[in-house]
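J.: Here it is: the structure, laid out below.
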Amino acid sequence: MQKLSSIFEVFKGPSEAVLGTFSLFGNSGYIWAKAGLFFVVLLLVLKIFQVSILARLRHLAKKTKTDFDDVVVDIFSGLKPPFYLLVALFFALKVLVLPTFANTTIRFFFILVIVYEFVRAGDKIVIYGVEKYIGRAGDDPESRQQAQSIAKSLSLVVRIILWAIGLLLLLSNLGVNVTSLVASLGIGGIAVALALQNTLSDIFSSISLYVDKPFQVGDFITVGEDKGTVEHIGLKSTRLRSLDGMELIIPNKELTASRVQNFKRMEQRRVSFTLGVTYDTKPSKLERIPELIGEIVAGEGHKVEFSRCVFAGYGDSSLNFDVVYNVNSAEYDDYAAMRERINLAIYKKFAEEKIEFAFPTRTVHMHKES
């Protein structure tokens, strides 16, 4: 700028001689020519930045390990020619002495465009943050849909904040008392926040669920007394499909505040039960029961691990054996099917060995009075 001013000083005399008779808004022709040259030079510099420097920065950004510099370069690459035109015009007109209305109008549109570009940049940064730091959606369509919903929600919040700041800047430049306006809007903001408290809580809970990933679509979970398979994780609620086919809709706020059991994350599912046989069972058969149970469980192969079968004690009407084994599957359906097969096999084997299951009985002794 100093060099430009020096050049103008050299040509000031001839310029004033040629343009000295011209005047507009109190500015001589020389001042208008100076502003015009500033405009052309600034526009040329910005064009060089857009075409040449950004291309080099984009080339350098591709060589780095981080993706954030690519986002920054992409933000600047998205600036349109009208933006550069307005910036050059805004600073070039600073040379002139314009009426208050003209200055206010030019400043208004300049700030409006700057705010728009900040909103656009905020959108890109939010999307980058969701994809990079909140988590990658992967190939799962449900996860991708959830990531897009979160990105849209955060983008909306950022837009509202940036547009609010921009509006305050615009009003401040127009001479509006922003301090009193913010104070008056504060009461209304509190009322709106209270009205949207539950909705916002569910949305932020959804973000928390997406970050922590305590469960995913397809997992079988229990929340309090409710249990079922996760079918959809939304912004406000999560849908489960219970074992009887009923759809359960649980608010995300309740999920983050409750104890959640995720059976899908289990590498093994333990089966533990008590088996009772009658007191009439012979000792030789009692001794064989652990062996029989072990053979039945071992017959299922690597899908099941036998733990123990021991004579645990004497019940009111039965001799009790504690049976424990593990099903090597995280799927509830596999667990239920395996337990059913083993239970049926035990029943058939006991029938072959003539070992009777016990059930509560009561013996009544009757005495005949003489």
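The values are calculated or read from the model by the stated rules, or taken from the named source; none is laboratory data. Keep in mind that this is a model prediction, so the values were computed, not measured. With ideal geometry, Cβ positions are generated from the backbone for all residues, glycine too; neighbour counts draw on all protein chains shown.
J.: Determine which single condition GLU231 fails, assuming it passes every other condition in (1) modelled with pLDDT of 85 or more; (2) surrounded by 15 or more Cβ atoms within 10 Å (Cβ to Cβ).
T.: Condition not satisfied by GLU231: (2).
J.: Quick test of your reading of the structure: LYS62 fulfils all but one of (1) basic (Lys, Arg); (2) touching an Asp or Glu at 6+ places or on another chain (Cβ under 9 Å); (3) surrounded by 14 or more Cβ atoms within 10 Å (Cβ to Cβ). Name the failing condition by number.
T.: (3)
J.: Another question about this same structure. Sort out which residues of the range 290-299 are in contact (Cβ under 8 Å) with a residue 24 or more places away in the chain and under 19 Å from LEU319 (Cβ atoms), and write them in order of number.
T.: Result: PRO290, LEU292, ILE293, ILE296.
J.: Among the residues in the range 218-235, are any over 27 Å from ALA336 (Cβ atoms), outside the structural domain of TYR335 (by TED's automatic domain parsing) and in contact with a helix residue (DSSP H, G or I) (Cβ under 9 Å, 6 or more places away or on another chain)?
T.: Looking through the range 218-235, at least one residue is over 27 Å from ALA336 (Cβ atoms), outside the structural domain of TYR335 (by TED's automatic domain parsing) and in contact with a helix residue (DSSP H, G or I) (Cβ under 9 Å, 6 or more places away or on another chain).
J.: Still on this structure: Does GLU295 qualify as being in contact with a Lys or Arg (Cβ under 9 Å, 6 or more places away or on another chain), surrounded by 14 or more Cβ atoms within 10 Å (Cβ to Cβ) and closer than 21 Å to ALA345 by Cβ?
T.: Considered against the rule, which asks whether it is in contact with a Lys or Arg (Cβ under 9 Å, 6 or more places away or on another chain), surrounded by 14 or more Cβ atoms within 10 Å (Cβ to Cβ) and closer than 21 Å to ALA345 by Cβ, GLU295 comes out as no.
J.: Answer yes if at least one residue in the range 184-191 is modelled with pLDDT of 75 or more and exposed (fewer than 13 other Cβ atoms within 10 Å of the Cβ), and no otherwise.
T.: no
J.: Could you list all residues from the range 258-289 that are outside any strand (DSSP E or B), under 51 Å from the mean Cα position of the chain (by Cα), surrounded by 12 or more Cβ atoms within 10 Å (Cβ to Cβ) and free of Cβ contacts under 8 Å to residues at least 60 places away in the same chain?
T.: Scanning the range 258-289 gives a single hit, SER258.
J.: Considering only helices (runs of 4 or more DSSP H) fully contained in the range 27-122, which possess at least 1 residues that are within 36 Å of the chain's Cα centre (by Cα) and at pLDDT 80 or above?
T.: Of the helices (runs of 4 or more DSSP H) lying wholly inside the range 27-122, those with at least 1 residues that are within 36 Å of the chain's Cα centre (by Cα) and at pLDDT 80 or above span 54-63, 68-77, 81-92.
J.: Filter the range 327-341 down to the residues that are in a helix (DSSP H, G or I) and more than 12 Å from GLY301 (Cβ to Cβ), then identify the one that is farthest from the chain's Cα centre (by Cα).
T.: GLU340
J.: Also, quick follow-up: When both residues are 6+ apart or on different chains and their Cβ atoms are under 6 Å apart, which pairs have a first residue that lies in the range 86-115 and is in contact (Cβ under 8 Å) with a residue 12 or more places away in the chain, and a second that is among the small types (Gly, Ala, Ser) and exposed (fewer than 14 other Cβ atoms within 10 Å of the Cβ)?
T.: VAL97/GLY26
J.: Being of a type in the set (Ser, Thr, Tyr) and under 16 Å from ASP202 (Cα atoms) is the filter here; which residues of the range 237-253 pass it?
T.: SER237, THR238, listed by residue number.
J.: Same structure again: Over 30 Å from GLY218 (Cβ atoms), among the hydrophobic types (A, V, I, L, M, F, W, C) and out of contact with any Leu (no Cβ under 8 Å at 6 or more places or on another chain) - does that describe any residue in the range 264-274?
T.: The answer is no, given that none of the residues of the range 264-274 is over 30 Å from GLY218 (Cβ atoms), among the hydrophobic types (A, V, I, L, M, F, W, C) and out of contact with any Leu (no Cβ under 8 Å at 6 or more places or on another chain).
J.: Restricting the search to the range 254-268, which residues are of a type in the set (A, V, I, L, M) and farther than 14 Å from SER201 by Cβ?
T.: Correct list: VAL260, MET266.
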